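The values are calculated or read from the model by the stated rules, or taken from the named source; none is laboratory data. What you see is a predicted model; the values in this text were computed from it and never measured. Don't worry about glycine lacking a Cβ; one is built from the backbone with ideal geometry, like all the others, and counts go over all protein chains shown. In case anyone asks, the SASA skips ligands and DNA or RNA and just uses the protein heavy atoms, side chains included. Shrake-Rupley method; radii C 1.70, N 1.55, O 1.52, S 1.80 Å.
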Amino acid sequence: MAALKTWSESFEKVVVNPGSVLKQSMMVTLDNVELMPVGETLSAYAEIQVKNPDEAVKVARSWPILDKGYVMISEVVDMELD
């Protein structure tokens, strides 16, 4: 956790939400609810705000536990429900 705190502080200008660790996920369909195997879903997330994909990659490559897996980058699209 100390490494994640240091990471968040070093990118404080772009880290919007340092995120959370995610517990075991469930897949819900109209007919079924299934526990997902650990390691097959996201394990944590953070939200950043950058100008372009290259900046997102730079931040992702600095993720302190990248040596234990990988980082996925997804753009968030705001949904207008009004």
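Kindly indicate whether residue 76 is of a type in the set (Val, Ile, Thr), under 12 Å from the mean Cα position of the chain (by Cα) and in a helix (DSSP H, G or I). Criteria not met by residue 76. Pairs are defined by a Cβ separation below 8 Å, a sequence spacing of at least 6 or placement on different chains, a first member in region 7-27 that is aliphatic (A, V, I, L, M) and modelled with pLDDT under 85, and a second member that is in a strand (DSSP E or B) and open to solvent by less than 100 Å² (accessible area, probe 1.4 Å); the pairs so defined are 21/44. Do the conditions hold for residue 36, that is, is it surrounded by fewer than 10 Cβ atoms within 10 Å (Cβ to Cβ), on the phi < 0 side of the Ramachandran plot, at pLDDT 85 or above and out of contact with any helix residue (DSSP H, G or I) (no Cβ under 7 Å at 6 or more places or on another chain)? Here the answer is no, as residue 36 does not meet what is asked. Return yes or no: is residue 69 closer than 14 Å to residue 21 by Cα and over 9 Å from the mean Cα position of the chain (by Cα)? So residue 69 does not fit the description; no. The single condition among (1) touching a residue at least 24 places away in the same chain (Cβ under 8 Å); (2) open to solvent by less than 60 Å² (accessible area, probe 1.4 Å); (3) part of a loop (DSSP other than H, G, I, E, B) that residue 71 does not satisfy is (1). Number of residues in region 1-28 that are of a type in the set (Lys, Arg) and either open to solvent by less than 80 Å² (accessible area, probe 1.4 Å) or assigned to a helix (DSSP H, G or I) (or both): the value is 1. Can you work out which of the residues in region 42-68 that are open to solvent by less than 50 Å² (accessible area, probe 1.4 Å) and assigned to a loop (DSSP other than H, G, I, E, B) is farthest from residue 2 (Cα to Cα)? Result: 50.
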